[in-house]
Amino acid sequence: MTEEQICEKLQQVLKPGRYRHTLGVADTAERMATVWHVSPAQARLAGLLHDCGKEAGDALSHGPIGARLACTDYGVTDEEILSAIACHTTGKPHMSTLDKIIFIADYIEPGRDQAPHLDELRKLAYEDLDLTLLKILKDTLDYLKASGKEIDTRSLDTYHYYLHKHNSEN
Ligand SMILES: [Fe+2]
Ligand SMILES: [Fe+2]
């Protein structure tokens, strides 16, 4: 499918706000990719499709569901793209650079305005990928704790993995 065909299909399945968010993530991921030596086209496609399972799954499951839909409904066979879509909500230990870019772009794209530290994170995303990831995971876990929401083990595993990595490298 061409990008135009993908966008047409996404516009049919996503709510307008979600579609706008998707374009923001695609632009941000593409820009980050040039700095972090990942294929910009690959990052853009992963960004466009990262939420394609949004209406088919819940907050956590739409990642893995989206990866399956990206393959079956959008013809994506690139395992690196499918991985980035699958883990974009929780992260995972040992993320690839593309995984990290999509996770971070999802959080910092220009349409986001609620999360704390966005100015700092939007700068840091071009300087230190792991530290950006760690700060987003911490803010997310802090938010879930403060609002009494359930914390999934996958996000916790990811946080502890990158905290340990950061501490052992610094
Ligand atoms: Fe998502
Ligand atoms: Fe998203």
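Quick look at the numbers
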{"read-out": "Per-residue ³J(HN,Hα) for the stretch 151-166, Karplus 6.51 cos²θ - 1.76 cosθ + 1.60, θ = phi - 60°, Hz, x for Gly and Pro", "value": "9, 7, 5, 4, 5, 5, 4, 4, 4, 5, 4, 6, 5, 4, 4, 4"}
{"read-out": "Accessible area in square angstrom per residue, the chain, 1.4 angstrom probe", "value": "52"}
{"read-out": "FRET efficiency, residue 23 to residue 96 (Cβ-Cβ, R0 35 Å, nearest 0.05)", "value": "0.95"}
{"read-out": "Highest-fluctuation residue, 143, 159, 74 considered, GNM on the chain with Cα pairs under 10 Å", "value": "143"}
{"read-out": "Net length gained if the chain between residue 80 and residue 167 were fully extended (0.36 nm per residue, minus Cα distance)", "value": "28.6 nm"}
{"read-out": "Computed [θ] at 222 nm, helices only, for the chain once each DSSP H run of length n ≥ 4 contributes -39500 (n - 2.57)", "value": "-21000 deg cm²/dmol"}
{"read-out": "FRET efficiency estimate (nearest 0.05) - Cβ-Cβ, residue 59 to residue 120, R0 35 angstrom", "value": "0.90"}
{"read-out": "Nearest-20 debye value, the chain charge dipole, Cβ charges on Lys, Arg, Asp, Glu", "value": "280"}
{"read-out": "Linear extension gain, residue 31 paired with residue 150, 0.36 nm per residue minus alpha-carbon span", "value": "39.5 nm"}
{"read-out": "Taking all pairs of distinct alpha-carbon atoms in the chain, Kirkwood radius in angstrom", "value": "16.0"}
{"read-out": "Highest-fluctuation residue, 102, 85, 65 considered, GNM on the chain with Cα pairs under 10 Å", "value": "65"}
{"read-out": "FRET efficiency, 1/(1 + (r/R0)^6) with R0 25 Å, evaluated for residue 4 and residue 73 via beta carbons", "value": "0.95"}
{"read-out": "Accessible surface of the chain [probe 1.4 Å, protein heavy atoms]: carbon and sulfur percent", "value": "52"}
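The values are calculated or read from the model by the stated rules, or taken from the named source; none is laboratory data. Since we're looking at a predicted model, the values are computed, not measured. FYI the Cβ positions are ideal-geometry reconstructions off the backbone, even for glycines, and counts take in every protein chain you see. The accessibility values were calculated without ligands, DNA or RNA, using every heavy atom of the protein model including side chains. Shrake-Rupley method; radii C 1.70, N 1.55, O 1.52, S 1.80 Å.
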